[in-house]
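Right, one structure below, let's go through it.
The values are calculated or read from the model by the stated rules, or taken from the named source; none is laboratory data. Worth saying up front: this structure is predicted, and the values here are computed from it rather than measured. Methodologically, a virtual Cβ is constructed for each residue, glycine included, from the backbone with ideal geometry; neighbour enumeration extends over all protein chains shown. Accessible surface areas use protein heavy atoms only, side chains included; no ligands, DNA or RNA. Shrake-Rupley method; radii C 1.70, N 1.55, O 1.52, S 1.80 Å.
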Amino acid sequence: MDQSRIRNFCIIAHIDHGKSTLADRLLERTGTVSQRDMAAQLLDSMDLEREKGITIKAAAARMMYRGPDGEEYELNLIDTPGHVDFAYEVSRSLAACEGALLVVDASQGIEAQTLANVYLAMNQDLTLIPVLNKIDLPHAEPERVAAELERVIGFARDEIIVASAKEGIGVDEILAAIAARIPPPKGDPKAPVKALIFDSKYDAYKGVVAHVRVFDGHLGRREQLRLMATEVEFEPLEYGTFNPQMRPLGELGCGEVGYVATGLKDVADCRVGDTITLKAHPAPEPLPGYRQAKPMVFAGIYPTDSDEYQDLREALAKLALNDASLVYEPESSAALGFGFRCGFLGLLHLEIVGERLEREYGLSLLTTAPSVEYHVKTTRGEDVLVDNPADLPDPSRIELIEEPWAKIDVITPSRYIGQVMELVTTRRGQFLRMEYLEPESEMAQGEARVLLEYDVPMAEILVDFYDQLKGSTSGYASLDYHITGYRAANLVKVDVLVNSIAVDALSLITHTANAQREGRVLVSKLKDLIPRQMFDVPIQAAVGGRIISRETIRAMRKNVLAKCYGGDITRKRKLLEKQAEGKKRMKRVGNVEIPQEAFMAVLRLREE
Amino acid sequence: MKPLAVYVHIPFCTVKCGYCDFNAYAGLHTLRERYTAALLREVAQRAELLGGREVRSIAFGGGTPNELPAADISAIVAAIRAAAGAMAAGAEVSLEANPGITGAGQLHELRRGGVTRISFGVQSFDADELRFLDRLHSPEASAAVVGAARHAGFESVGIDLIYGLPGQSFAGWEANLRRAVAAAPDHISCYALTIEEGTPLAARVERGEVTPADGDLVADMYERAGDLLEAAGYRQYELSNWARPGHESRHNRTYWTDGEYLGLGAGAHGYVDGVRYEDIAHPRTYIEALEAGRGAVAAHYRPDDITAMSDWLALRLRLIEGFDPGDFKARFGTPLEAAAGPVIARFREAGVLDAGPRARLSPRGRQLHSEVAVQLLVHLREHAPAAARP
């Protein structure tokens, strides 16, 4: 295809604002996929993605489109992950495009994560095409939301396309705008090859398949390729594009989007953001912006049945084949036995990995409370990274602890400013600035949308912050965050002893000022969650060996079947089997059986 | 000759109580004659087995066995006696009955028909409690029935009580115990009310009409029963059973000690030659099968080693005397220590099993029998040699 008629674009949208439906309509209208073959929402192919209504892995599709000018265009849609956990992946997908559709729900307005992605796109000089979606909804307010887009992002009113992907309204205008407004890719077809990897996945037959955008040169011959960051070299098995299934092609020209089947066995060799070049004629320098995705959230994953350790190891290895950002290493816990310490991009990533392990591999797992990574300087001058509270050195050996901080953006109607301020303050947050996205004078009292910016310790927003933010703003607030750096903190470890045995998996790291209260709440929650045993079980919380809270779970009094009737042993046994089944879901620590929920109690200390 | 116990199930009731989930039916009385005939056919089908055994006990359970005419009970007892290779000297023939049993005539008839031991489902001496339990008899009948049975000449007279009723007070339970002692039976069973899935009572709990009794209160009631009955000369020999010396149930002991028993009648369970089986549950289907000359067994299986061990331990531990670990080894060829050593040690440490050479529940452990049995089962499953796994 003539480079001047290639258009590379992505869709920026908030969850549920209709990105996948719009993508489906574009595929349909360009005849890429017939309506008959159309499983709803083709691009989100994982079950989990469909359930959660989000895109986890990027996907791509090439569409051929004849424009109103009579010319044929090659439109490459790059579907981007829609969640803040995957911000780096988003930035690489954006880098592969010249333009983006900004899809905003006409009844909701722009959300914090969308705005963050818009700024990312603007920084990369992408041409934005604003689309007001869902105008068919009775409570749509296209005028109001259009005004917001004008004011906040600076669009002209006549740039904004009103659409309903569901009803097929505005789809033709969107296609025409893509061809007319988004510039063709620049790039020199004669220069040494530079292709950006914006995603990769493992295929059992073709090895790692890299999704690429060719910036300079073209890929066509079966000659040795080289990955510039990982310095891995390989001979490609196949080139091709997506429609949206993989379709082999002889070559990928300058400016085009497609895939390279690398034959490599490990996605870690083929990282998002890396640059592919020719081994024989390498580009002098790689494309900018590569960095290794860094896990932000850590948790232990253990099999509830220790016999399943090997199965868990194999399942993690298989998942990691397709997920270079999932890191894991063996870990053992005195309480939980053998498992893995896993690092995730964020909480959603953690949740997805956990669910996939259980669903796709049939494992029964116990996940410990998530933790951030602390930087600890010991009195002997060593620097230690601690991503598991249990590993925090004794207070006497700690010179300094630093914790990661994030900058958060919250967008909310102004009537909730007070609630948001209060919530963030209890999380040790620091106010940075506030900006009205709409002039308050033009809005009903309290309706004007406001952007609030804070610095907050990452650990404070890790668990239930988002839920609480939603709860205290009747669901209106939206949130975006990114890690800004490390700061010294006054933190202590709270240990928990069950029946006088320290249970490492129940430890938590918290701010000194909160230790007393959180220790007390944790102990009382555990008292409710751990069933009565055959003997009294003391539960204690301690800081540096000093007990700060204590409760006792009284011994069980009664668990007996009154009668064994008429020699019906079978029935009696079935009742015992049922109880035995329940015990399977518990971990025995010392002599005490602790249910899975107890290990999650650490997450809910703020509820009281 | 190998011993055998015989259980005969009589599935008829005038009213099915709201808490009951046994194989019992109200409104099937028109089937009674055919049912007795079917039972006699099943005895005949089992003639070969019975002919090679010494029958030590016959037990009629239900339902309400006295819903069947005394003459039918006598005929069934006679048929079993005739088919048995031998009857043990002083063989126990027991029958469960309602305190509302119609007059002394029926009791005398049952006694003459060979029933030696009778046990009444008294359940309570309180009119409100009896009403809650859907029992048709009166507190007066509860109090009078032991004397009537003595007059009829039964060798052993027992009563059953139910405690832990919703709303029942500790004092209310004590009053029941005192009246039970005053009635002076030979044997007293105390059963905690269990809310069984699928019963009308469970539905009432589900709807919030009835609040189950607090578990700790029920535990206190059990302890009180033990103290009060022991003081009155009843010795506890099983988790729910107290008896004057010599009046322990021999038939039930067969269940608890891995003995073999033949089950006859709709839904009856049996355990013969290492196989556990269950007869067709519905009386009509049961009758039709036997009338057609077919067998009555609906399902049977041979427990694997782990299941057998777990059953053996759970049942033995129901006996207050517990068991000699040597008996376990004699039965399974494996020392108890090897099969369950760590759990047993854990139980002793927790004070649930008594110290000493015998394995037996401590007084506190008696209310934790299921917990003990479950932990044994889990341990046996997890640590059994692969060959023994099901």
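Loop-located chymotrypsin sites (Phe, Trp or Tyr not before Pro) in region A:340-397 (DSSP state not H, G, I, E or B) with no more than 10 neighbouring Cβ atoms inside 10 Å do not occur.
With θ taken as phi - 60° and the Karplus curve 6.51 cos²θ - 1.76 cosθ + 1.60 applied, the whole-hertz 3J(HN,Hα) list for region B:154-163 is 5, 6, 9, 10, x, 10, 10, 10, 10, 10 Hz, x standing for glycine and proline.
Kindly list the residues of region B:132-158 that lie in the label zone of residue B:81, defined by a backbone N under 17 Å from the point 7 Å along the Cα-to-C-beta vector. Those under the cut-off are B:153-156.
Annotation: aspartates and glutamates with alpha-carbon distance below 12 angstrom to residue B:16 (same-chain offsets under eight excluded): B:134. Taking a threshold of 20 Å on the Cα-Cα distance, which of the pairs A:527/A:583; A:525/A:578; A:583/B:329; A:527/A:572; A:527/A:558 fall above it? As for pairs spanning more than 20 Å Cα to Cα, those are A:525/A:578; A:583/B:329; A:527/A:572.
Other protein chain C-beta atoms within 10 Å of residue C-beta, averaged over B:372-382: 5.
With a 10 Å cut-off around each Cβ of A:576-586, the average count of Cβ atoms from other chains is 4. Considering only the Cα atoms of chain B, their convex hull presents on average a projected area of 19.5 nm². Size of region A:511-608 from its Cα atoms: along the principal axes, largest to smallest, the extents are 62, 24, 22 Å.
Counting only DSSP beta bridges with both residues in region B:2-255, the antiparallel share comes to about 15 percent. Net charge of the neighbourhood of residue B:355, taken over other residues with C-beta under 13 Å away and scored Lys/Arg +1, Asp/Glu -1, is +1. The mean number of Cβ atoms from other chains found within 10 Å of a Cβ in peptide A:552-558 is 6, as a whole number. The reciprocal of the average 1/r between distinct C-alpha atoms defines the Kirkwood hydrodynamic radius, which for region B:1-157 equals 16.3 Å. Rounded to the nearest Hz, the phi-derived 3J(HN,Hα) couplings of region B:115-131 under the Karplus curve 6.51 cos²θ - 1.76 cosθ + 1.60 (θ = phi - 60°) are 6, 9, 9, 10, 10, 9, x, 5, 6, 6, 10, 10, 4, 5, 5, 4, 5, where x marks glycine and proline. The coefficient of translational diffusion for chain A, derived via Stokes-Einstein from the alpha carbon Kirkwood radius under 25 °C and 0.890 mPa s, stands at 92 µm²/s.
When you filter the GluC sites (Glu not before Pro) in region B:320-372 for DSSP loop state and at most 11 other Cβ atoms inside 10 Å of their Cβ, you are left with B:321. Multiplying the residue separation of residue B:197 and residue B:223 by 0.36 nm and subtracting their alpha-carbon distance yields 6.7 nm. Just list whichever of A:19/A:134; A:563/B:2; A:294/A:318 have alpha carbons separated by over 18 Å in the model shown. Flagged as over cut-off: A:563/B:2; A:294/A:318. The convex hull drawn around the Cα atoms of region A:85-203, when projected onto a plane and averaged over every direction, covers 9.8 nm². Based on DSSP H segments of at least four residues, each scored -39500 (n - 2.57), chain A has a per-residue ellipticity at 222 nm of -7500 deg cm²/dmol.
From its DSSP helices (H runs of at least four residues, each -39,500 (n - 2.57)), chain B gives a residue-normalised ellipticity at 222 nm of -13000 deg cm²/dmol.
For region A:226-272, applying the loop criterion from DSSP together with a ceiling of 16 other beta carbons within 10 Å to the GluC sites (Glu not before Pro) yields A:231, A:251. Entry note: region A:102-166 has Rg to Rh equal to 0.95, where both radii use alpha-carbon atoms and Rh is the Kirkwood radius. Listed values for region B:251-257 are Karplus-derived 3J(HN,Hα) couplings in whole Hz (6.51 cos²θ - 1.76 cosθ + 1.60, θ = phi - 60°), namely 4, 5, 4, 4, 4, 6, 10, and x replaces Gly and Pro.
Solvent exposure of chain A, expressed per residue, is 41 Å² of accessible area, with all protein chains present and a 1.4 angstrom probe. Residues whose amide H lies under 5 Å from that of residue A:241, counting only those 5 or more places away or on a different chain, are A:247, A:249, A:259; hydrogens are built 1.01 Å from N in the peptide plane. Averaging Cα coordinates gives a centre for region A:330-379 and one for region A:206-242; these two points are 33 Å apart. Would you kindly enumerate the cysteines in chain B that have no other Cys beta-carbon under 4.7 Å from their beta-carbon? When partners are defined as cysteine Cβ atoms under 4.7 Å apart, chain B leaves B:13, B:190 without one.
Quote the FRET efficiency, to the nearest 0.05, computed for residue B:33 versus residue B:273 with a Förster distance R0 of 45 Å and r equal to the Cβ-Cβ distance. So the FRET efficiency works out to roughly 0.90. Surface exposure of region B:4-121, expressed per residue as accessible area with a 1.4 Å probe, stands at 35 Å².
Rounded to the nearest 100, the interface formed by chains B and A buries 3600 square angstrom of accessible surface, both chains summed, with a 1.4 Å probe. Once backbone amide H atoms are built at 1.01 Å from N, residue A:365 has A:304 as its partners under 5 Å, excluding neighbours fewer than 5 places away on the same chain.
Stretching residue A:245 away from residue A:188 to a fully extended chain increases their span by 17.7 nm, per 0.36 nm per residue minus the current alpha-carbon distance. What does the charge count around residue A:371 come to, taking other residues whose C-beta lies under 10 Å from its C-beta (Lys +1, Arg +1, Asp -1, Glu -1)? Value of the local net charge: -2.
Per residue, the convex hull spanned by the Cα atoms of region A:403-480 amounts to 73 cubic angstrom. Anisotropy class assigned to region B:1-47 is oblate, per the alpha carbon gyration tensor with a/c at or over the 1.5 cut-off and a/b no larger than b/c. Put simply, the C-alpha atoms of region B:305-388 give a gyration tensor, and the ellipsoid matching it has half-axes of 19, 13, 11 Å, longest first. Axis angle, to the nearest 10 degrees, between helix A:347-361 and the longest C-alpha principal axis of chain A: 80 degrees. What aspartates and glutamates does residue A:377 reach when the alpha-carbon gap must be under 17 Å and sequence neighbours fewer than 8 apart in one chain are set aside? Excluding near neighbours in sequence, the set is A:387, A:391, A:394, A:399, A:402, A:403. Surface composition of the protein assembly as shown: carbon plus sulfur atoms hold 50% of the accessible area, using a 1.4 angstrom probe and ignoring ligands, DNA and RNA.
Computed over neighbours whose Cβ is under 15 Å from that of residue B:279, the net charge equals +1, Lys and Arg +1, Asp and Glu -1.
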